[in-house]
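> The structure that follows is given in the form of structure tokens.
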Amino acid sequence: MSAAVVLTDASPATSLPRRRRSLAGLWFVVPFLAVFLFVLVVPVLYSLYLSVFQDKLIGGRSFVGLANYSQLFSDPKFWDGLGRVALFLAVQVPVMLGLALVAALAIDSGRLHGAPFFRMSVFLPYAVPGVVAVLMWGFMYGDQFGLAGNINKLVGHELLTPLSPQWILVAIGNIVTWEFVGYNMLIFYSALRSVPSDLYEAAAIDGAGAWRVVFSIKLPALRQAIVIATIFSIIGSFQLFNEPNILRTLIPSVIATYFTPNMYAYNLSFAGQQYAYAATLAIVMGVVTAVIAYVVQLRGSREANR
């Protein structure tokens, strides 16, 4: 009986240090939660709030419900920009990830002389600021003053016209690929370095060749890394803004203000003063991006678990 009393009396004393430890852990998390709240949650909630209102010259801001969403889904400029970004994603992302994968496999093969130099060379464009990269490529693309123009003069006709309407999306895709191949290569290379050496030794004992090792060991080990790189690339494609927006200063007649959804939202906000409609566009694009990224992640996880 006395032992039971002792345990009962001691339980509050033992639980007090636990409460203090849990509170101490909470204080470590509070700064992150505060930043997360004010940087992500509050802007999203405010955007949702704006998306159900309209600013009118007469009457000020008024509640319109889902009218902005209805207007957006019937807006040809929105669909034009979304279709262009979808085409960009379908072509540029596989090309970029394919080049990054080849580069990672080549560097990891051990047969490439000066592998650290090539690894740094491929990654170096990612370290170049995006604005500088676009300006540099924009100068090379110039058909009157740049590298393309000099080549055209050399051959005597317009062989290269990267800033023309039919080639501008390819030109932008080339810039983005140049910028981010090294970033994705580093993701793949890091995953390859984590493959146990025992697998390679077992493959060598079994007489597996280089291609057999690639398809049976390296590519399966890269599945999760490929999924992650694909998700990042999808998000980046839907956020396409810097490259076309900067090139627009060179060719305003080719790149419209609604060239991409992000450019459309930007110009609606800062040039058209249509903040509520821009918030609606941002909310819709955020949902589209999240859904596609989730589908890719879910499909990739199923493939990896097979």
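> Does region 114-130 include one or more residues that are under 24 Å from Thr289 (Cα atoms) and of a type outside the set (Phe, Trp, Tyr)?
The answer is yes, given that some residue of region 114-130 is under 24 Å from Thr289 (Cα atoms) and of a type outside the set (Phe, Trp, Tyr).
> Oh, and also: Name the single residue, out of those in region 172-184 being touching a Ser or Thr at 6+ places or on another chain (Cβ under 9 Å) and of a type outside the set (Val, Ile, Thr), that is farthest from Ala148 (Cα to Cα).
If we take residues in region 172-184 being touching a Ser or Thr at 6+ places or on another chain (Cβ under 9 Å) and of a type outside the set (Val, Ile, Thr), then Asn184 is farthest from Ala148 (Cα to Cα).
> Is it the case, given these coordinates, that Ile251 is modelled with pLDDT under 95, of a type in the set (Val, Ile, Thr), in the same structural domain as Ala100 (by TED's automatic domain parsing) and assigned to a helix (DSSP H, G or I)?
Taking the combined requirement at face value, the residue does not satisfy it.
> Now for a different question. Give region 28-64 a look and list any residue that's over 17 Å from Tyr275 (Cβ atoms) and either within 23 Å of the chain's Cα centre (by Cα) or not in a helix (DSSP H, G or I) (or both), or say none.
Matches in region 28-64: Phe32, Val35, Phe36, Leu37, Phe38, Val39, Leu40, Val41, Ile58.
> Also, I was wondering about something else. Return the residues of region 212-256 that are among the polar types (S, T, N, Q) and under 26 Å from Thr289 (Cα atoms); say none if nothing qualifies.
Gln224, Thr230, Ser233, Ser237, Gln239, Asn242, Asn245 - these are the residues of region 212-256 that are among the polar types (S, T, N, Q) and under 26 Å from Thr289 (Cα atoms).
> Can you tell me which residues in region 112-137 are more than 20 Å from the chain's Cα centre (by Cα) and in contact (Cβ under 8 Å) with a residue 40 or more places away in the chain?
Listed by number, the residues that qualify are Arg119, Leu135, Trp137.
> Let me ask something else. Determine the pairs where a residue that is surrounded by 19 or more Cβ atoms within 10 Å (Cβ to Cβ), located within region 219-230, has a partner that is among the aromatic types (Phe, Trp, Tyr) and in a helix (DSSP H, G or I) with Cβ atoms under 9 Å apart, the partner being 6 or more residues away or on another chain.
Qualifying pairs under 9 Å: Leu222/Phe188; Ala225/Phe188; Ile226/Phe188; Ala229/Tyr183; Ala229/Phe188.
> May I pose another question? Filter region 240-255 down to the residues that are under 23 Å from the mean Cα position of the chain (by Cα) and without any contact (Cβ under 8 Å) to a residue 40 or more places away in the chain and list them by number.
Phe241, Asn245, Arg248, listed by residue number.
> Sticking with this one: Can you run down the residue pairs with Cβ atoms below 9 Å, 6 or more apart or on separate chains, where the first is in region 64-92 and over 30 Å from Ile175 (Cβ atoms) and the partner is small (Gly, Ala, Ser) and in a helix (DSSP H, G or I)?
Going by the 9 Å Cβ cut-off, the qualifying pairs are Val64/Ala276; Asn68/Ala276; Asn68/Ala279.
> Just for region 65-117: of the residues that are at pLDDT 90 or above and not in a helix (DSSP H, G or I), which one is surrounded by the fewest Cβ atoms within 10 Å (Cβ to Cβ)?
So the residue we want is Ser74.
> Among the listed residues Val284, Val295, which satisfies the condition of being among the aliphatic types (A, V, I, L, M), in a helix (DSSP H, G or I) and surrounded by 13 or more Cβ atoms within 10 Å (Cβ to Cβ)?
Residue meeting the stated conditions: Val284.
> Shifting gears a bit: Hey, could you check region 126-151 for residues that are crowded, with 17+ Cβ neighbours inside 10 Å and touching an Asp or Glu at 6+ places or on another chain (Cβ under 8 Å) and say which is farthest from Ile172 (Cα to Cα)?
It comes out as Gly149.
The values are calculated or read from the model by the stated rules, or taken from the named source; none is laboratory data. Note that this is a predicted model, so its numbers are computed, not measured. Neighbour counts run over all protein chains shown; Cβ positions are idealised from the backbone, glycine included.
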